[in-house]
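What follows is a single structure, written as structure tokens, with notes after it.
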Amino acid sequence: MEFQYSDTTRALLKRLLRFMDQHIYLNERAFLQEIAANRAQGNPWVPLRLIEELKLKAQAEGLWNLFLPRSPRAPQGLSNLDYAPLCEVMGRSVFAPEVFNCSAPDTGNMEVLERYASPALQERWLEPLLRGEIRSAFLMTEPDVASSDATNIACRIERDGDHYVINGRKWWSSGAGDPRCAVYIVMGRSNPDHPRHTQQSMIVVPANTPGIRVERALPVFGYDDAPHGHMEVSLTDVRVPADHLLLGEGRGFEIAQGRLGPGRIHHCMRSIGIAERALELMCTRLATRVAFGKPIATQGVWRERIAESRLLIEQARLLTLKTAWMMDTVGNKVARNEIAMIKVVAPQVSTRILDWAIQAHGGGGVSDDFPLAYAYAAQRTLRLADGPDEVHRDAIAKYELSRHLPPRIG
């Protein structure tokens, strides 16, 4: 693979770095203050003026929808490899990806709509998502089953004439708390008598369909992530036109693999970005604090941690770039083992470095005076989101065994 970034990426990277300096880092405190002000007024679940204003600036700079490759609806979309360094930079701040319309779960949902939805559904939902006018949610995980095994999903999608009727309960439905969330993509069981991996389907569900109820917000280490939110959602006799089913009955796993591959690597790219930011903050803090008569940065334990952080980041970045290159050249299916590997590695690297950075900041590290605590909460969640570490490690082990042992050992 070529290690030199393309001319397009280099030009965009220069523009993005300037935008981050001018508009993102300087507004991190304003971001938290606006949420706090909304909360004080009794409702944190409202769109943030700051984000909406910055979106217009990002569009004017051509820093918009860079994540979506091979789409005539988003011609500015980049390959996975070209997008990687840009996504990494966006990941340096928790609210930056939304500013560029490159945040989850919208990116994954837009990929699904682009690859698998009918032209009518694309016109109704994909276009306003690409314009940043609405937001979306992906409803897969359930509270009553071990969703790390997606064949456990119990939500039912049943045909009734010209409609499908949906009944079930979902949670950790990220984005469903946002009042701009206008559409869900729901995974449920449509063919319970079929083989395990052809029982599930995915369907597009307008968020205002009767029978949908957002039950509660689920905080992460105390953060409710308003106005985005991670919600528990119940669906009771929700009727959706039959043409809203994606690709056909029993093809939910096929769609999921198409969706989760890019989504997983995007998370990893952002994880590397926040790890870099944490290392930068750690070094600055250590170099400007004195303890026991000398700068903390001169103490051996911290030099060891700084060096280890750099080693971890470089290894994770190289694996991410290799995975992105494989996704572009041989496809997500062939690259699935690399996707699994980086999904384990990157969040572990980011959480370790964030933990050290928090330690370096002392009491300040666990406060909102620095972005570290909030970032840690988000990154620790990634060891569960899009499949827990244990599931990915099992898949990696099976692949490795298949290369070295007789087929019966799989």
Report task. Report yes if some residue within region 100-109 is surrounded by fewer than 17 Cβ atoms within 10 Å (Cβ to Cβ), outside any helix (DSSP H, G or I), at pLDDT 95 or above and among the polar types (S, T, N, Q); otherwise report no. Result -> no
Query - helices (runs of 4 or more DSSP H) lying entirely in region 333-410 (those with 1 or more residues that are over 23 Å from Gly263 (Cα atoms) and of a type in the set (D, E, K, R)) - result: 336-360, 389-404
Query - Residue count for region 158-196, restricted to those that are more than 18 Å from Val112 (Cβ to Cβ) and in contact with a Phe, Trp or Tyr (Cβ under 8 Å, 6 or more places away or on another chain) - result: 4
Query - Filter pass, Arg15 being part of a loop (DSSP other than H, G, I, E, B) and out of contact with any Pro (no Cβ under 7 Å at 6 or more places or on another chain) - result: no
Query raised in the report: free of Cβ contacts under 8 Å to residues at least 12 places away in the same chain, among the hydrophobic types (A, V, I, L, M, F, W, C), out of contact with any Gly (no Cβ under 8 Å at 6 or more places or on another chain) and surrounded by fewer than 23 Cβ atoms within 10 Å (Cβ to Cβ): does that describe Ala120?
Result: no
**Report entry** Number of positions in region 217-258 that are within 25 Å of Pro179 (Cα to Cα) and of a type in the set (Asp, Glu)
**Finding:** 4
Report task. Residue by residue through region 295-332, note down the ones that are within 30 Å of Tyr5 (Cβ to Cβ), outside any loop (DSSP other than H, G, I, E, B) and not hydrophobic (A, V, I, L, M, F, W, C). Result -> Arg305, Glu308, Ser309, Arg310, Glu314, Gln315, Arg317, Thr320, Lys322, Thr323, Asp328, Thr329
Requested in this report: Please go through region 64-113 and pick out each residue that is of a type in the set (S, T, N, Q) and either over 19 Å from Gly331 (Cβ atoms) or under 15 Å from the mean Cα position of the chain (by Cα) (or both).
Outcome: Asn65, Gln76, Asn80, Ser93, Asn101, Ser103, Thr107, Asn109
Report summary line: Given (1) closer than 30 Å to Leu372 by Cβ; (2) not assigned by TED's automatic domain parsing to the domain that holds Ala346, Ile274 misses just (2)
Query raised in the report: Is it true that some residue in region 286-294 is in contact with a Pro (Cβ under 9 Å, 6 or more places away or on another chain) and in a helix (DSSP H, G or I)?
Result: yes
Query raised in the report: Just checking, which of Arg70, Arg10, Arg29 is basic (Lys, Arg) and within 23 Å of Gln379 (Cβ to Cβ)?
Result: Arg29
Query - Condition check for Pro75: out of contact with any Pro (no Cβ under 6 Å at 6 or more places or on another chain) and either closer than 22 Å to Ser350 by Cβ or without any contact (Cβ under 8 Å) to a residue 40 or more places away in the chain (or both) - result: yes
Report task. Would you check if there is a residue in region 115-134 being over 20 Å from Ala74 (Cα atoms) and either touching a strand residue (DSSP E or B) at 6+ places or on another chain (Cβ under 7 Å) or not in a loop (DSSP other than H, G, I, E, B) (or both)? Result -> no
Requested in this report: Quick one: which residue in Glu232, Glu215 is out of contact with any His (no Cβ under 7 Å at 6 or more places or on another chain), outside the structural domain of Gln33 (by TED's automatic domain parsing), buried (at least 17 other Cβ atoms within 10 Å of the Cβ) and acidic (Asp, Glu)?
Outcome: Glu232
Query raised in the report: Looking at region 268-284, is at least one residue under 15 Å from Ser173 (Cα atoms), modelled with pLDDT of 95 or more, among the acidic types (Asp, Glu) and outside any strand (DSSP E or B)?
Result: no
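The values are calculated or read from the model by the stated rules, or taken from the named source; none is laboratory data. All values derive from a computational prediction rather than experimental measurement. Backbone-built Cβ (ideal geometry, glycine too); neighbour counts: all protein chains shown.
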